[in-house]
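Participant: Here it is, the structure in full.
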Amino acid sequence: MPAGLMASAPAAGSTLIPPEADLARMRHQRVERIRDAMHAQGLDALVLLGNTNVVYATGVVWPLADSGRAAFEQPVAVVLADDAWPHLFSSMSVADPERSDLPPDHLHGPVFLDFDQGVARFTAHLAELVPAGAAVGIDEWTNALRRDRSLLFGAGDPADGGRVISRAKLVKTPDELACMREGLRITESAIAEVQTGVAPGVRQTELTATFLRCIFEAGADANVLDPIWQVMPPRLADGPWTTTGDLACPLLSTERVLVEGDVLWVDTGISAGGFHSDFGRTWIVGRGPDARQRAQFERWQAIMAAVLDVTRAGSTAADLTAAAVDAAGGVKPWMPHFYLGHGLGIDSAEMPYVGSDIGEAFDAGLVLTEGMVLVLEPVVWDDGAAGYRSEEVLVVTDDGWEPMTDYPYDPF
């Protein structure tokens, strides 16, 4: 990390992250956080269909499959406000104690909520767990669930269960941070091998093949963001049309052959142990940056340093956006369809969001807390010479922040 950014980092030895994660403790702490959030919203039960929400609640991690099968065999979790153990409905085997410590009576077969028969079966199970008239929340719907919603929820509308999980996972435990750091390490190890192969004549898909081989050899569960090695046009007008009138990014990789001087915006992420990673850098194919490109990087550094200077527990998201805009000369140095920063955890982008289209009032009310993880990704665009973009992953501390990665900025 450049000295200009490290100047804002806390002294060595103040890390929040333990060398290894205690997985059992982590799982129990997460359920307690969910139950606390349920009590705050007056919920007796929480039904979870979202894959990553089920992972968060149960601690069970499974290999991701193609979209059709993933929906058909969608695991479902039920968290009860008065039960320290969640219930899991799934076709998967979870006998591995490293992946789950759920009691046998909390493990159930699949319910297939895409089908009316599955909804009826699940309704019978839920009736055994939750008394009539209980307050129930749900995070996602299938068409069959919507048709027969009265079977589960009576005449009323259930609460938004996704909000419960968002609140619970907003601040990471030390064990979660340790797991996340391992996923980031796997990602950056693979990226290092990919970067050595970036050269004129290489196809984007060849870089993808190298990346996928490396992450799975290192123990990744899945590739959650198709690797982006996007060749950026020199001018905005040279790129595809967009509804925002801004950059078209990210675009999927193809068999495009790289040529000398191509400016690559790199963006990718994996899942390891149920936690997602995120990585972003700018590379130049076949040569070093010229003076104009170095100036772009220096402007990016100045913006990042200004944001990091106000990043600490007690600051608001609006403090970070204001610092970025001021350092960028009064313009927003990020793409309008994204954000200045976002959270990271069991999703590659989750709360907290900084500078998103949720709005300035949201940013003003979002207060950073020790243990929040942020991915900051300002952008410098220099029309006529493309631009520079990188991502930095950090954890918020009481008096500042700590980097969770240390990948270099080569070739800059």
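The values are calculated or read from the model by the stated rules, or taken from the named source; none is laboratory data. Quick caveat: nothing in here was measured; it's all calculated off a predicted structure. Reconstructed Cβ throughout: ideal geometry from the backbone, glycine too, with neighbour counts over all protein chains shown.
Participant: Going residue by residue through the range 228-237, is there one that turns out to be within 20 Å of the chain's Cα centre (by Cα) and under 27 Å from Val395 (Cα atoms)?
Facilitator: Scanning the range 228-237 turns up at least one residue that is within 20 Å of the chain's Cα centre (by Cα) and under 27 Å from Val395 (Cα atoms).
Participant: Check whether at least one residue in the range 361-376 is touching a Pro at 6+ places or on another chain (Cβ under 6 Å), buried (at least 22 other Cβ atoms within 10 Å of the Cβ) and not in a loop (DSSP other than H, G, I, E, B), and report yes or no.
Facilitator: Checked the range 361-376: no residue is touching a Pro at 6+ places or on another chain (Cβ under 6 Å), buried (at least 22 other Cβ atoms within 10 Å of the Cβ) and not in a loop (DSSP other than H, G, I, E, B).
Participant: So which residues in the range 242-271 are surrounded by fewer than 16 Cβ atoms within 10 Å (Cβ to Cβ) and out of contact with any Pro (no Cβ under 9 Å at 6 or more places or on another chain), if there are any at all?
Facilitator: Passing the criteria: Thr242, Thr243, Leu252, Thr254, Glu255, Arg256.
Participant: Scan (1) modelled with pLDDT of 95 or more; (2) among the hydrophobic types (A, V, I, L, M, F, W, C); (3) outside any helix (DSSP H, G or I); (4) over 18 Å from the mean Cα position of the chain (by Cα) for the single condition Leu207 breaks and write down its number.
Facilitator: For Leu207, the failing item is (3).
Participant: Separate question: Residue check: is Asp326 over 25 Å from Val263 (Cβ atoms), assigned to a loop (DSSP other than H, G, I, E, B) and of a type in the set (Asp, Glu)? Give the derivation first.
Facilitator: Working: over 25 Å from Val263 (Cβ atoms): yes; assigned to a loop (DSSP other than H, G, I, E, B): no; of a type in the set (Asp, Glu): yes.
Against the criterion (over 25 Å from Val263 (Cβ atoms), assigned to a loop (DSSP other than H, G, I, E, B) and of a type in the set (Asp, Glu)), Asp326 does not qualify.
Participant: When you check Cys249 against the structure, is it in a loop (DSSP other than H, G, I, E, B) and in contact with a strand residue (DSSP E or B) (Cβ under 7 Å, 6 or more places away or on another chain), yes or no? Show your work before the answer.
Facilitator: Details: in a loop (DSSP other than H, G, I, E, B): yes; in contact with a strand residue (DSSP E or B) (Cβ under 7 Å, 6 or more places away or on another chain): yes.
It is true that Cys249 is in a loop (DSSP other than H, G, I, E, B) and in contact with a strand residue (DSSP E or B) (Cβ under 7 Å, 6 or more places away or on another chain).
Participant: What's the total number of residues in the range 98-130 that are touching a residue at least 24 places away in the same chain (Cβ under 8 Å) and in a loop (DSSP other than H, G, I, E, B)?
Facilitator: So the count comes out to 12.
Participant: Can you pull out every residue in the range 271-304 that is closer than 30 Å to Ala21 by Cβ, of a type in the set (Gly, Ala, Ser) and not in a loop (DSSP other than H, G, I, E, B)?
Facilitator: Scanning the range 271-304 gives Ser271, Ala272, Gly280.
Participant: Of the residues that make up the range 343-355, is at least one on the phi < 0 side of the Ramachandran plot, aromatic (Phe, Trp, Tyr), crowded, with 23+ Cβ neighbours inside 10 Å and at pLDDT 95 or above?
Facilitator: no
Participant: Select from the range 215-243 the residues that are among the β-branched types (Val, Ile, Thr) and in a strand (DSSP E or B) and write down the one among them that is farthest from Val259 (Cα to Cα). Quick ask: steps written out before the conclusion?
Facilitator: Initial filter on the range 215-243 (among the β-branched types (Val, Ile, Thr)): 215, 224, 228, 231, 242-243.
Next, from what is left, pick out any that are in a strand (DSSP E or B): 224, 228, 231.
Working: Val224: 28, Ile228: 16, Val231: 10 Å.
Once the filter is applied, the top-ranked residue is Val224.
Participant: Just checking, which of Thr196, Thr205, Thr187, Thr173 is free of Cβ contacts under 8 Å to residues at least 12 places away in the same chain and among the polar types (S, T, N, Q)?
Facilitator: Only one candidate qualifies: Thr196.
Participant: Report yes if some residue within the range 2-21 is in a strand (DSSP E or B), at pLDDT 80 or above and in contact with a Pro (Cβ under 6 Å, 6 or more places away or on another chain); otherwise report no.
Facilitator: no
Participant: Residues Val194, Val198, Val202: which one is surrounded by 15 or more Cβ atoms within 10 Å (Cβ to Cβ) and within 29 Å of Ala21 (Cα to Cα)?
Facilitator: Selected residue: Val194, the only one of Val194, Val198, Val202 that is surrounded by 15 or more Cβ atoms within 10 Å (Cβ to Cβ) and within 29 Å of Ala21 (Cα to Cα).
Participant: Here's something else I'd like to know. Taking into account only those residues within the range 278-321 that are among the charged types (D, E, K, R) and farther than 25 Å from Val171 by Cα, which is nearest to the chain's Cα centre (by Cα)? Spell out how you get there, then give the answer.
Facilitator: Pass one, the range 278-321, residues among the charged types (D, E, K, R): 278, 281, 287, 290, 292, 294, 298-299, 309, 312, 319.
Imposing the further condition that a residue be farther than 25 Å from Val171 by Cα reduces the set to 281, 287, 290, 292, 294, 298-299.
Working: Arg281: 17, Arg287: 32, Asp290: 33, Arg292: 32, Arg294: 29, Glu298: 27, Arg299: 26 Å.
Among those that are among the charged types (D, E, K, R) and farther than 25 Å from Val171 by Cα, it is Arg281.
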